[in-house]
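Below is one structure; the comments refer to it alone.
The values are calculated or read from the model by the stated rules, or taken from the named source; none is laboratory data. Quick caveat, the model's predicted, so the values are computed rather than measured. With ideal geometry, Cβ positions are generated from the backbone for all residues, glycine too; neighbour counts draw on all protein chains shown.
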Amino acid sequence: MLGLLRQPAVTMSRSVKLIFLLLGISLFGWAVSTVDLAVVGKLLLQLGTGFLLVLVIYSVVTWLDTIAWKKNFKPEEETRFNLWQLWTIRQVGEAYNTITPLGTLGGEPVKGQLLKERHGLSLKQGMASQVVARTTFLLGLILFFIPGAFLIVQSNIVSDNFKSASLVGMATFSTVILLFLLFQVTGTLSVITGWIARLPLGNKISVLMDKLEVVDHGISSYYEQYTERAIQSVLYAFAGWVVGLGELYVTLYFLGFQPDFIDLWVIEALAQLVRAGSFFIPLSLGAQEGGLILIFTAMGMPADLGLTVSFVRRIKELLWVGLGLGIGSGLAFYPTQVQADES
């Protein structure tokens, strides 16, 4: 019976993913059709060795993000691994996140399994750290949005309609993330699982409800007991977003443009807003390209430049995915089984 019920759900899931993929392809086609690809090709060649600097800066960002994640473990859990080990696990998981539709459905379980097999953390502990990490990462982005919103309002180049749309988008995104944080801090998931457990169906899924309640307790207790660590994690994540401005600056500098600090912050804030808002499209395909074209033209820059910046990020992304998958293959060749903590 469960198999019969599951089959339509799987079919529907695949259909939805296909629809989102087709949407992304359509947006990508539109973005490409609005620019001169010959100019984009010349710009990519012009970047030259600047791309190596882009990779160096991005590697710094990944280290900052890893430090931010490390702060989301409880002190006794943090002793199970060092920063390098956590960085390798994060690269493997993020590679799967990138190539999996709907993002974290692919990479986060991989991270959790690697933490369990190689460092003895239970799946519940790994999952709790990842939920908190995702939240603090996005809270860091909200901090990054705040100056961006102020600078957008002060801009004399951006149209009023574009300003309004950008501010509404940032406000909506920030509200959703803050509500998600409130959901975790208050332990609301445990209340929901309690309600479900009392339903007629509750007995059949009681094991799952118990596991979710344990994870929820781990998350809420982390915020209560280690508030300072959570704040540090947000600040490291924010630092990662700021360092990312250097990546955009280097890209534009080698392409013959020297934007000021204000333009950089506005472009990056809006680009990340588009990226976050299009999480349901695999790789944000088309959304990133179209978004950067609209952002650059709104800032009075050529559309060709916007698409070139997107392609540079795509190439960097693909290389990093390859690195993550390569690290994953290496870990698979040298499996390690550690007794996992059942707490």
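Just a few scattered comments:
- All conditions in (1) out of contact with any helix residue (DSSP H, G or I) (no Cβ under 9 Å at 6 or more places or on another chain); (2) at pLDDT 90 or above hold for Leu270, with the sole exception of (1).
- Criterion: more than 29 Å from Ser33 (Cβ to Cβ) and part of a helix (DSSP H, G or I) - qualifying residue of Ser329, Ser310: Ser329
- Meets criteria (at pLDDT 85 or above, surrounded by fewer than 20 Cβ atoms within 10 Å (Cβ to Cβ) and part of a helix (DSSP H, G or I)) for Leu143: yes
- Being under 30 Å from Lys42 (Cα atoms) and either among the hydroxyl-bearing types (Ser, Thr, Tyr) or surrounded by fewer than 17 Cβ atoms within 10 Å (Cβ to Cβ) (or both) is a property that holds for Phe257.
- Checking the stretch 252-271 against the condition returns no match, with no residue being in a helix (DSSP H, G or I) and among the polar types (S, T, N, Q).
- Just so you know, in the stretch 274-290 the residues that are closer than 22 Å to Tyr249 by Cα and surrounded by fewer than 21 Cβ atoms within 10 Å (Cβ to Cβ) include one that is modelled with the lowest pLDDT, and it is Ala276.
- Applying a threshold of 8 Å to beta carbon distances and a minimum spacing of six or more residues, or different chains, the list of pairs starting in the stretch 23-51 at a residue that is hydroxyl-bearing (Ser, Thr, Tyr) and ending at one that is at pLDDT below 90 and loosely packed, with under 13 Cβ neighbours inside 10 Å is empty.
- Qualifying residue in the stretch 211-232 (condition: more than 19 Å from Ala133 (Cα to Cα), surrounded by fewer than 20 Cβ atoms within 10 Å (Cβ to Cβ) and of a type in the set (Lys, Arg)): yes
- Close pairs from the stretch 178-197: first over 14 Å from Val131 (Cβ atoms), partner modelled with pLDDT of 85 or more and buried (at least 16 other Cβ atoms within 10 Å of the Cβ), Cβ under 9 Å, at least 6 apart: Leu178/Leu139; Leu178/Ile142
- Cβ-Cβ contacts under 7 Å between residues 6 or more apart (or on different chains), taken from a first residue in the stretch 153-166 that is of a type in the set (Val, Ile, Thr) to a second residue that is at pLDDT 85 or above, are listed as Val153/Lys163; Ile157/Met299; Ile157/Gly300; Val158/Ile152; Val158/Ala298; Val158/Met299.
- Checking each residue in the stretch 307-329 for being among the basic types (Lys, Arg) and surrounded by fewer than 18 Cβ atoms within 10 Å (Cβ to Cβ) picks out Arg314, Lys316.
- Matching entry among Leu235, Leu283 (being out of contact with any strand residue (DSSP E or B) (no Cβ under 7 Å at 6 or more places or on another chain), on the phi < 0 side of the Ramachandran plot, in a helix (DSSP H, G or I) and touching a residue at least 40 places away in the same chain (Cβ under 8 Å)): Leu235
- The helices (runs of 4 or more DSSP H) located wholly in the stretch 10-103 that include 1 or more residues which are surrounded by fewer than 19 Cβ atoms within 10 Å (Cβ to Cβ), among the aromatic types (Phe, Trp, Tyr) and at pLDDT 85 or above occupy 50-70, 83-99.
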